[in-house]
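Colleague: Right, I'll just put the structure down here and ask away after.
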Amino acid sequence: MLANPPYIGTNEALPPDVRDHEPAGALFAGADGLDAYRTIVPDLPRLLAPGGVAVLEIGAAQAAAVAMLVEAQGLAATLRHDLAGRPRAIIAGHQG
């Protein structure tokens, strides 16, 4: 499963080329940018097949918070970085 949910906090500054050309619903997810994860993550344990994973794209400062949400559901959380070395995705899967 792959998810690229909105993950920008409502008060975060964005460059004009992003702010002026992307719909707000594709960018903003509550004050801390985690609202979409709070909706998605609780459903993952029942949606993932045995051995399956969910790849959740994250903002650069959200790795710890999203990993905590994933682990609170009894899933393993593994951080992956993009080619520039920035935290970019949490891989969530059943433990064991």
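The values are calculated or read from the model by the stated rules, or taken from the named source; none is laboratory data. None of these values were measured; they are calculated from a predicted model. Note that we place each Cβ from the backbone using ideal geometry, even for glycine, and neighbour counts take in every protein chain shown. Areas reflect the complete protein model, heavy atoms only, side chains present, ligands, DNA and RNA absent. Shrake-Rupley method; radii C 1.70, N 1.55, O 1.52, S 1.80 Å.
Colleague: Along the charge dipole of the chain, Cβ charges K/R +1 and D/E -1, which of TYR7, PRO23, ALA92 sits furthest on the positive end?
Modeller: ALA92
Colleague: Keeping every protein chain present and rolling a 1.4 Å probe, give me the accessible area per residue for the chain in Å².
Modeller: Accessible area per residue: 59 Å².
Colleague: About the Cα centre, and with charges only on the beta carbon of Lys, Arg (+1) and Asp, Glu (-1), how big is the dipole of the chain? Nearest 20 debye, please.
Modeller: In debye, rounded to 20, the chain gives about 300.
Colleague: Then there is this: What residues qualify as long-range amide H neighbours of ASP32, i.e. H under 5 Å apart, gap of 5 or more or another chain, H built at 1.01 Å from N?
Modeller: Placed amide hydrogens put THR10 under 5 Å from ASP32.
Colleague: When a/c reaches 1.5 or more, the comparison of a/b and b/c decides; with that in mind, is the stretch 38-89 rounded, prolate or oblate per its Cα gyration tensor?
Modeller: Judged from the Cα gyration tensor, the stretch 38-89 comes out prolate (a/c at least 1.5, a/b above b/c).
Colleague: Hey, another quick one. How large is ³J(HN,Hα) for each residue in the stretch 35-44, as worked out from phi by the Karplus curve 6.51 cos²θ - 1.76 cosθ + 1.60 (θ = phi - 60°), to whole Hz, x for Gly and Pro?
Modeller: In residue order, the calculated couplings are 4, 5, 5, 5, 8, 6, 4, x, 8, 4 Hz.
Colleague: Round to the nearest 10 and give me the degree value, 0 to 90, for the angle of helix 63-72's Cα axis relative to the longest principal axis of the chain.
Modeller: Helix 63-72 sits roughly 40 degrees off the main axis of the chain.
Colleague: May I ask you to list the GluC sites (Glu not before Pro) in the chain that are in a DSSP loop and have at most 15 other Cβ atoms within 10 Å of their Cβ?
Modeller: Listed in order of number, the matching sites are GLU12.
Colleague: Same structure, new question: Arrange the peptides 17-23, 74-80, 27-33, 86-92 so that the one whose residues have, on average, the most other Cβ atoms within 10 Å appears first.
Modeller: 86-92, 27-33, 74-80, 17-23
Colleague: Hey, another quick one. Once you sort the root eigenvalues of the Cα gyration tensor of the chain as a ≥ b ≥ c, which label holds: rounded (a/c under 1.5), prolate (a/b larger than b/c) or oblate (the other case)?
Modeller: In terms of gyration-tensor shape, prolate.
Colleague: Moving on. At what distance in nm do the modelled label points of ALA26 and LEU83 sit from each other, each positioned 7 Å from its Cα along Cα→Cβ?
Modeller: Rounded to a tenth, the inter-label distance reads 2.1 nm.
Colleague: Share of the chain's accessible area from carbon and sulfur, percent, 1.4 Å?
Modeller: Of the solvent-accessible surface of the chain, carbon and sulfur hold 58 percent.
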